[in-house]
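Each remark here refers to the structure printed beneath this line.
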Amino acid sequence: MNKKVSNPQAAPGTPSVPSAPKRSLTPRRRAREYALQGVYQSLVMRRAGSLPNAAAIAKQLAEDPGFRRCQHDLFQGIFAGVLERTDELEGIITPALDRPINELSPVEHAALLIGTYELAIDLAVPYKVAINEAVELAKTFGGTDGHKYVNGVLDLLAQKLRSTEVQAS
């Protein structure tokens with residue numbers, strides 16, 4: 001079951017951010033989870049007609065006690081990179097979808113944006129890692145079978161975006 005945590009210090013109207021169950025995480029996984037929470041919040045605000053403030057979202061996430069144990073540069077790279085390229089990433093994702101992108105749950109949407117960002121932009125991340133990390137995010141924060149959808153879409157995108165790497169494995 002997914003929990004949503006509201007930040008009592010957040011501005012009124014700021015959406016609740018899904019929070020992960022307590023468990024042992026690597027700093028890299030923790031960074032991706034915080035990035036997902038930030039992208040999620042940005043998507044929800046955008047869908048509500050508000051302009052997301054990346055700095056305010058990052059500041060809010062940084063106030064969480066667990067944030068100090070994440071790999072900050074990875075969080076910042078993914079979070080800022082996804083927000084700066086959302087339209088471009090959605091353009092890459094859309095042809096692989098079986099429904100309009102705005103019909104995705106915000107968690108699946110955010111996981112797909114992060115996975116696509118790592119597949120298309122951050123080529124230092126092996127394609128299998130990019131897919132696996134996005135799937136794990138969807139498992140942790142998303143609906144029952146959302147991770148399967150994320151996996152299928154990212155598998156299709158990997159064949160297109162990383163065809164040489166996919167064929168080599």
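Table for the structure above
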| item | result |
| --- | --- |
| Set Q76, Q71, Q60: member being surrounded by 14 or more Cβ atoms within 10 Å (Cβ to Cβ) and farther than 22 Å from I121 by Cα | Q60 |
| Conditions (1) at pLDDT 95 or above; (2) touching a Lys or Arg at 6+ places or on another chain (Cβ under 9 Å); (3) surrounded by fewer than 22 Cβ atoms within 10 Å (Cβ to Cβ); (4) under 19 Å from S42 (Cβ atoms); number of the one not met by Y117 | (3) |
| Residue within the stretch 134-155 that is of a type in the set (D, E, K, R), in contact (Cβ under 8 Å) with a residue 40 or more places away in the chain and out of contact with any Pro (no Cβ under 7 Å at 6 or more places or on another chain) present | yes |
| Residues within the stretch 81-130 that are without any contact (Cβ under 8 Å) to a residue 40 or more places away in the chain and in contact with a Gly (Cβ under 6 Å, 6 or more places away or on another chain), tallied | 2 |
| Qualifying residue in the stretch 148-157 (condition: crowded, with 22+ Cβ neighbours inside 10 Å and either in contact with a Cys (Cβ under 8 Å, 6 or more places away or on another chain) or modelled with pLDDT under 95 (or both)) | no |
| Qualifying residues in the stretch 126-147 (those that are of a type in the set (D, E) and closer than 18 Å to T26 by Cβ) - the one surrounded by the most Cβ atoms within 10 Å (Cβ to Cβ) | E133 |
| Residue list for the stretch 59-80, filter: of a type in the set (G, A, S) and free of Cβ contacts under 8 Å to residues at least 12 places away in the same chain | A62 |
| Residues of the stretch 24-57 satisfying the condition of being among the β-branched types (V, I, T) and crowded, with 17+ Cβ neighbours inside 10 Å | V39, V44, I57 |
| Residue in the stretch 69-78 that is closer than 26 Å to R162 by Cα and either in contact with a Leu (Cβ under 7 Å, 6 or more places away or on another chain) or of a type in the set (G, A, S) (or both) present | yes |
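The values are calculated or read from the model by the stated rules, or taken from the named source; none is laboratory data. None of the values given here were measured: they were computed from a predicted structure. FYI the Cβ positions are ideal-geometry reconstructions off the backbone, even for glycines, and counts take in every protein chain you see.
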